[in-house]
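Before any comments, here is the structure.
FYI, it's all coordinate maths here, none of it is from the lab. Predicted model, so just to flag it, every value in this text is computed and none were measured. Counting neighbours? That spans all protein chains shown, and the Cβs are built from the backbone with ideal geometry, glycine included.
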Amino acid sequence: MYNYNEELGNKLNGLLEKTYDAEKGYKKAAENAKSTELKNFFERRAQERYNFGHEIKAELSKIDQKPEKGGSVTGSAHRTWMDVKSWFSSDNDEAMLEAAITGEKAALEEYNEVLSKENEPHIPQGMQTVLNKQRSVINHELKNIQVLEDLS
């Protein structure tokens with residue numbers, strides 16, 4: 001039997017896992033960043049993703065679905081927000097910015113997939129609003145990261 005709430009819950013849990021991964025990645029980047037400005041930037045992004053996670057969890061509860069715990073464990077290139085070895089082996093601010101760009105692009109793809117026109121009519125309006133806002137923030141921050149990378 002087809003259960004749309006369960007399918008939507010799976011999609012939201014995919015976003016939640018990506019959000020957990022991004023939060024962890026930004027926290028790690030903040031620990032390793034050399035410049036104070038970059039450290040503060042990464043800390044703000046980690047807090048933002050923490051907040052996104054709570055918003056997604058609230059949306060899951062509205063459709064009677066349970067949130068996943070922790071980050072992604074699959075290790076697939078599509079899901080993984082960062083490659084820890086390459087990211088931190090250099091301890092290089094520019095390398096961390098490049099990894100953040102890659103992660104943000106992957107996050108945008110996942111949001112775009114969930115919010116695609118074929119899914120959109122079935123997603124409750126309030127949920128669409130939350131996800132569109134988060135996608136917009138990620139897109140804006142991606143542009144900021146790209147500017148920071150150009151400056152480094």
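With neighbours defined as other Cβ atoms within 10 Å of a residue's Cβ, the residues Tyr4, Tyr50, Tyr26, Tyr20 order from fewest to most as Tyr4, Tyr50, Tyr20, Tyr26.
In terms of surrounding Cβ atoms within a 10 Å radius of their Cβ, Arg49, Arg44 rank from fewest to most as Arg44, Arg49. Here the 3J(HN,Hα) profile of the range 10-20, calculated from phi with Karplus coefficients 6.51, -1.76 and 1.60 at θ = phi - 60°, is 4, 5, 5, 5, x, 5, 5, 4, 4, 5, 4 Hz, Gly and Pro shown as x.
Set the bar at 29 Å for Cα to Cα. Now go through Lys28/Lys105; Lys27/Lys117; Lys57/Lys105; Lys62/Lys117 and name every pair that lies beyond it. Going by Cα-Cα distance, Lys27/Lys117 fall outside the 29 Å limit.
Neighbour counting of Cβ atoms within 10 Å sorts the residues Phe41, Phe52, fewest neighbours leading, into Phe41, Phe52.
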